[in-house]
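Structure record follows, encoded as structure tokens.
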Amino acid sequence: TAVGGQIRMEEIQAQIPATPRWLLQLVIELSGVAVFGFLAAAAVITIANNLTNQTATLEMPFWLFMGPLALGALLLSIETLVTLVRTFARHRPDEKHTTLT
């Protein structure tokens with residue numbers, strides 16, 4: 001997320017003028033915050049509903065199994081939010097230097 005590793009179709013974005021590209025980048029980042037935030041919330045709710053359960057095969061606590069998903073989605077949401085704020089404050093899109101091989 002910090003280096004723009006999501007699927008953004010940068011080849012297409014490179015063909016768009018600066019202002020619409022900046023708006024598109026804001027929409028992409030806002031969507032990322034929403035999706036990662038939703039995943040984090042869903043994981044936390046699932047963990048809360050299954051605190052006394054175990055996984056079927058490994059018989060490990062369910063919270064230990066789902067914990068990395070909740071933490072990872074939360075951290076991705078925060079990182080994407082930071083990227084959104086930076087892009088908004090800059091008032092211009094990221095430079096696109098796509099090299100196709």
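The values are calculated or read from the model by the stated rules, or taken from the named source; none is laboratory data. Quick caveat, the model's predicted, so the values are computed rather than measured. Cβ: placed from backbone, ideal geometry, glycine included. Neighbour counts: every protein chain shown. Only protein heavy atoms, including side chains, enter the accessible area calculation; ligands, DNA and RNA are left aside. Shrake-Rupley method; radii C 1.70, N 1.55, O 1.52, S 1.80 Å.
Take the conditions within 22 Å of residue 19 (Cα to Cα), over 17 Å from the mean Cα position of the chain (by Cα) and exposed (fewer than 14 other Cβ atoms within 10 Å of the Cβ) and apply them to residue 86. Does it pass? So residue 86 does not fit the description; no.
Taken over region 42-61, the criterion of being more than 24 Å from the chain's Cα centre (by Cα), open to solvent by less than 100 Å² (accessible area, probe 1.4 Å) and hydrophobic (A, V, I, L, M, F, W, C) is satisfied by 56, 60.
A Cβ distance below 9 Å, combined with a sequence gap of six or more or placement on separate chains, defines the contacts here; from region 64-78, residues that are free of Cβ contacts under 8 Å to residues at least 24 places away in the same chain reach residues that are of a type in the set (S, T, N, Q) and open to solvent by 90 Å² or more (accessible area, probe 1.4 Å) in the pairs 65/54.
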